[in-house]
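Asker: Can you keep this structure in mind? I'll have questions shortly.
The values are calculated or read from the model by the stated rules, or taken from the named source; none is laboratory data. Worth saying up front: this structure is predicted, and the values here are computed from it rather than measured. FYI the Cβ positions are ideal-geometry reconstructions off the backbone, even for glycines, and counts take in every protein chain you see. Only protein heavy atoms, including side chains, enter the accessible area calculation; ligands, DNA and RNA are left aside. Shrake-Rupley method; radii C 1.70, N 1.55, O 1.52, S 1.80 Å.
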Amino acid sequence: MFCKNCGEPMNDNQAICLKCGVKKGEGNSFCPNCGKPTTPGSDVCLNCGVSLKNQFLDGNLGGQSKLVIALLCFFLGSIGIHNFVMGETKKGIVKIIGAFVCGISAILALIDLVKILIDKYTVDPNAWF
């Protein structure tokens, strides 16, 4: 994996590029697969052929793809499974308790699903709600 902002090699578990400080997955100047410069606005890297526009499957949701997290949220979101997968253990516990006590966790899961689909969800392992 390479930084999309500066082209520097990155480990899969790095959150930011150590050279330029940009979050993983942000930027559009370099290919994340081969690290070569890309043409602005191009859909495919002309060096290695990888798609540059597949943003729905590339995500920073606890290291998981947005598709996997969206499906988990849709089918098992009311008991907080998607939160556990993304590393948000406290939110997951709150949703399990909410499912058994008052049933509000289904509404919270629906809110999470919409945020995931419109790319507004941010992972916060220390948040309770």
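Asker: Compute the separation of the alpha-carbon centres of the stretch 62-129 and the stretch 1-44 and state it in Å as a whole number.
Answerer: About 28 Å separates the Cα centre of the stretch 62-129 from the one of the stretch 1-44.
Asker: Taking amide H positions as placed 1.01 Å from N in the peptide plane, with prolines and chain starts having none, which residues 5 or more places from Glu8, or on another chain, fall under 5 Å of its amide H?
Answerer: Correct list: Cys3.
Asker: Among all cysteines in the chain, which have no other cysteine Cβ under 4.7 Å from their own Cβ?
Answerer: Unpaired cysteines in the chain: Cys73, Cys102.
Asker: So what J values fall out for the stretch 4-15 if you push phi through Karplus, 6.51 cos²θ - 1.76 cosθ + 1.60 with θ = phi - 60°, rounded to Hz, Gly and Pro as x?
Answerer: 6, 8, 10, x, 6, x, 10, 6, 5, 9, 6, 8
Asker: Right, another one. Can I get the semi-axes of the stretch 26-129's equivalent ellipsoid? Compute them from the C-alpha gyration tensor as square roots of 5 times the eigenvalues, in angstrom, largest first. Before the final figure, lay out each step's value.
Answerer: Working: eigenvalues 235, 28, 19 Å².
Computed over the stretch 26-129, the values are 34, 12, 10 Å.
Asker: Now a separate question. With Cβ to Cβ distances under 12 Å as the rule, what net charge do the other residues near Leu113 carry (K, R +1; D, E -1)? If you can, show how the numbers build up before the last one.
Answerer: Values: positive: Lys66, Lys115, Lys120; negative: Asp112.
Here the count lands on +2.
Asker: Mind listing the long-range amide H neighbours of Ile16? Cut-off is under 5 Å, sequence gap 5 or more, other chains count too, H placed in the peptide plane at 1.01 Å from N.
Answerer: Amide H neighbours of Ile16: Lys24.
Asker: Along the Cα→Cβ direction, 7 angstrom out, place labels at Gln14 and Val44. What is the inter-label distance in nm?
Answerer: Here the modelled spin labels are 2.8 nm apart.
Asker: What figure in square angstrom, to the nearest 10, would you give for the accessible area of Val44 with a 1.4 Å probe?
Answerer: 70
Asker: Separate question: Relative contact order for the chain: what percent, with Cα pairs under 8 Å and sequence separation of 6 or more?
Answerer: On the way: 209 pairs, mean separation 21.0, N = 129.
Dividing the mean separation by the residue count of the chain yields 16 percent.
Asker: Report the calculated FRET efficiency for Asn28 and Asp124 (r = Cβ-Cβ distance, R0 = 22 Å), to the nearest 0.05. Mind dumping the intermediate values first?
Answerer: Numbers: r = 26 Å, r/R0 = 1.17.
About 0.30, to the nearest 0.05.
Asker: Helix-only estimate, please: 222 nm mean residue ellipticity of the chain, summing -39500 (n - 2.57) across DSSP H runs of length 4 or more and dividing by its residues, to the nearest 500.
Answerer: On the way: 4 runs with 42 residues, N = 129.
So the calculated ellipticity at 222 nm is -9500 deg cm²/dmol.
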